[in-house]
Structures are given as C-alpha cells and as structure tokens.
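What follows is a set of notes on a single structure, which appears directly below.
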Amino acid sequence: MITVVAALLVATSVWLAMPAWPAERARVIAATHDSGSASVDRGERFRRLWTKARDRIGLGSASRRRRAHERMRVIQALGALAAELQAGQPPVAALTSAGGQPSVWPATVAAVRLGEDVSVALVVDAAHHPALHHLAACWQVAADSGSGLAPAVTQLAASARSAEDVRVHLEAELAGPRATARMLAVLPFVGLGFGIMLGADPVTWLLTSPFGMGCLAAGLSLTGLGTWWTGRIAAGVERML
C-alpha cells in the first residue's frame, strides 16, 4: 500500500510538471472557425476537464489561452473587415458582418442598430480588446476627413497579426521558466513519495508534530509565493508588448 501511495505521488508530480499539450494553442486558434459546434464527444470532454484541472494549479495557462483565443478572434475580425471594405462594402455593413458570432465588438453592433456613434462604441469595446482603440481612431479619422477606411484597417490588421506573432515567440521563450517553476512546485511531492518508498512516514510527521506542521505551512507558503512571483514576472514581460 505504501508503495502504491508513493508511486501515485511521484506520478502526480510528473503529470503536474509536464507542459501543456503542444497542440493546445493550435486547437484554440482553430476553434475560432468552429465555435458553433455543439456536440462534444466523451474523449474531448475528458480532455477539457483534464486541462482545466491542470490549469487550476498551473501559472495561469487557462487565462493565457483565453486571451490568445480572444486576440485571434479580433485579428480575424479585422482581417475580414479589411477584406469587405476592399471589396466595396459600406463601412457600417462591413463592420456588422465582420465581427463574427458572437461579435468581438458587441457594443459597436448595438450602436449601429441604434444609430449611435460607432467610434465611441468601439472605444467601449476596446476595454476588452485593446486593439480596437486603433480601429476607433481610424473610424473617427475616416468619418471626420472622408478618407478611405480600407487602407487603414488593412494596415491595422497586418500590425495586429505581427504583434500576435511576437507574443507567440515570447510565449515559447517563457515556456522554459514556467516549466522550471512548475517543477520546483512539485518537487516536495516527489520528496514525500521517495520518503514513503524508503520506509519513512513523512506525511504523519508533517500533519501531527508541531514542528512538522510548521514546516508544512512554511513550505506551502514559500511554494505558493514562488509560483505567484514567477507568474507575475512572466505577466510583466507580456504586458511590455
């Protein structure tokens, strides 16, 4: 029984330290083209639950994937808007149809339906998607000066895609430090597993003796602090883009 518990501890440590699926980002990007699918097979549901469980103890990987997903939707919407404008579609109609389902700029779609100022509504949507600040500026300049909107939106879409490429490379560079922090966070479990395999009883000592409980509290606090600090450093680098 002790050997089984030790093996489970070691296996759990290895599982937590492993990086996320390499194809996860590609799946998230591809999901923007297939978000309307309602049927999810049992294997996909299990994989999502597994990913969610790992994300809850990782360094914010779930929120990073959600942000990447939303950024890709905005980039695709900007590209679609530029294509429709170049094809001669009226700006308002192009803006409404290019936003996707659900729209990446819902306040703007509502403003179009109510006849409100589109540039102001784009600023509201930019609270969730910062790239839309530039689209709002382009829209305002085009409305004030009468200049063509299509060239500006085309350049904006290209710039947003280039910035996302930089973020992808940055994520790859930050994968090493994050993996190291994840490994350091699970090393205590490895130590407990090996301690049990060697015939000791570290779990009982940690949970029953005053000194052991103090060590456990200090270890958990330092591990949590280190994990949080590593995530904060990585997030700070990402915000510099």
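Before moving on, here are some points about what is shown:
- Sites Val141 and Ala218, calculated FRET efficiency, Cβ-Cβ separation with R0 51 Å, nearest 0.05: 0.30
- In range of the label at Arg66: residues from the range 114-149 whose backbone nitrogen is under 20 Å from the point 7 Å along Cα→Cβ: 125-132
- The spacing between the range 113-132 and the range 172-222, judged by their C-alpha centroids, is 49 Å.
Every number here is computed from the coordinates shown, using simple stated rules; none is lab data. Owing to the predicted nature of the structure, the values given are computational and were not obtained by experimental measurement. So basically every Cβ, Gly included, is an ideal-geometry build from the backbone, and we count neighbours across all protein chains shown.
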